[in-house]
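The values are calculated or read from the model by the stated rules, or taken from the named source; none is laboratory data. Only a predicted model underlies this, so the values are computations on that prediction, with no experimental measurement involved. When we count neighbours, we look across all protein chains shown, and the Cβ atoms used for this are built from the backbone with ideal geometry, even at glycine.
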């Protein structure tokens with residue numbers, strides 16, 4: 001028995017095709033096809049499902065959303081129109097509700113499945129109501145308690161026992177200070193000084209902020225080990241106790257890089273509705289990055305965290321962080 005939800009997608013452009021591929025590979029939805037006003041000029045859409053190509057037809061125009069859904073026995077309709085929606089589309093949406101069809105916005109359904117927000121298909125009118133500063137509620141209180149409790153435990157049980165060995169290894173293998181200090185951008189755009197074990201040559205400190213790449217010659221031999229297992233991040237627990245960072249949140253970036261990202265990446269400023277974190281949803285779901293494109297992809301995960309943050313998601317990130325730290329996933 002096929003229990004997949006039959007789904008009709010409105011719009012066969014980038015957003016619609018992205019949504020179709022996501023649904024086809026989700027295992028929970030069967031895409032019956034598209035409706036699009038360019039029906040007569042568009043070819044069927046081909047998406048990959050892990051085995052081969054799935055051919056999805058353009059069934060009709062957006063004037064016949066309800067009729068097409070009924071004819072295909074669809075139970076769900078996804079609105080994936082990037083351009084301004086015309087009056088008749090809204091009328092069709094109302095009729096969808098009258099017929100008992102479930103109507104979804106593409107960004108909402110996509111983020112629920114992929115656990116990241118499709119920045120290319122949202123605007124401020126969608127994002128503003130969904131991304132708000134943390135409310136002073138029980139969930140926020142519990143997350144704050146988790147931050148301080150776990151940070152204290154890690155300082156006592158991990159940071160302090162490892163400190164003499166890490167300090168000796170850094171000082172004996174390369175000249176320079178024990179710690180790396182750098183101005184980073186925190187909540188509401190406020191600057192603070194981040195604290196990390198130094199993993200690069202002392203010369204790298206004078207070269208300013210830049211991306212760290214695979215096989216970066218500036219990284220010392222012991223620094224490579226510390227970065228792989230995230231040991232260099234342990235001093236940031238002090239930043240958490242000082243209230244400058246949280247245990248979980250978007251990674252704080254250097255001032256120069258933030259200026260670049262704000263210029264090149266839409267919605268980047270929304271990262272600063274919350275405190276930056278030692279670890280976060282982007283860190284455990286996506287590899288480290290050294291490009292604007294990579295930063296944009298990580299922002300999709302950061303915005304998902306801001307939208308969905310909860311105690312349960314925090315615990316999930318902590319569990320994944322332990323796995324990442326033990327395996328060295330995504331380190332450079």
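Can you work out which of the residues in segment 123-147 that are part of a helix (DSSP H, G or I) and in contact with a helix residue (DSSP H, G or I) (Cβ under 7 Å, 6 or more places away or on another chain) is modelled with the lowest pLDDT?
Here the answer is 139.
Hey, which of the helices (runs of 4 or more DSSP H) in segment 3-107, taking only ones fully inside, have at least 3 residues that are under 29 Å from residue 124 (Cβ atoms) and either out of contact with any strand residue (DSSP E or B) (no Cβ under 9 Å at 6 or more places or on another chain) or modelled with pLDDT of 95 or more (or both)?
Filter on segment 3-107 gives 14-24, 87-98.
So, residue 194, is that one surrounded by 14 or more Cβ atoms within 10 Å (Cβ to Cβ) and in a strand (DSSP E or B) or not?
The answer is yes for residue 194.
Here is a check on your reading of the model: is residue 222 touching a helix residue (DSSP H, G or I) at 6+ places or on another chain (Cβ under 6 Å), modelled with pLDDT of 90 or more and either under 30 Å from residue 165 (Cα atoms) or not in a loop (DSSP other than H, G, I, E, B) (or both)?
Considered against the rule, which asks whether it is touching a helix residue (DSSP H, G or I) at 6+ places or on another chain (Cβ under 6 Å), modelled with pLDDT of 90 or more and either under 30 Å from residue 165 (Cα atoms) or not in a loop (DSSP other than H, G, I, E, B) (or both), residue 222 comes out as yes.
Do you know which residues across segment 88-113 are surrounded by fewer than 18 Cβ atoms within 10 Å (Cβ to Cβ) and under 22 Å from residue 293 (Cα atoms)?
113, the sole residue that qualifies.
Each row is one residue, and each column tells you yes or no for (1) farther than 29 Å from residue 266 by Cα; (2) without any contact (Cβ under 8 Å) to a residue 24 or more places away in the chain; (3) assigned by TED's automatic domain parsing to the domain that holds residue 247.
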site	(1), (2), (3)
120	no, no, no
123	no, yes, no
126	no, yes, no
129	no, yes, no
132	no, no, no
142	yes, no, yes
145	yes, yes, yes
148	yes, no, yes
152	yes, no, yes
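Quick check on residue 316: is it exposed (fewer than 15 other Cβ atoms within 10 Å of the Cβ), in a helix (DSSP H, G or I) and either assigned by TED's automatic domain parsing to the domain that holds residue 183 or touching a strand residue (DSSP E or B) at 6+ places or on another chain (Cβ under 9 Å) (or both)?
Taking the combined requirement at face value, the residue satisfies it.
Looking at 52, 33, which is the one that is under 31 Å from the mean Cα position of the chain (by Cα) and surrounded by fewer than 15 Cβ atoms within 10 Å (Cβ to Cβ)?
52
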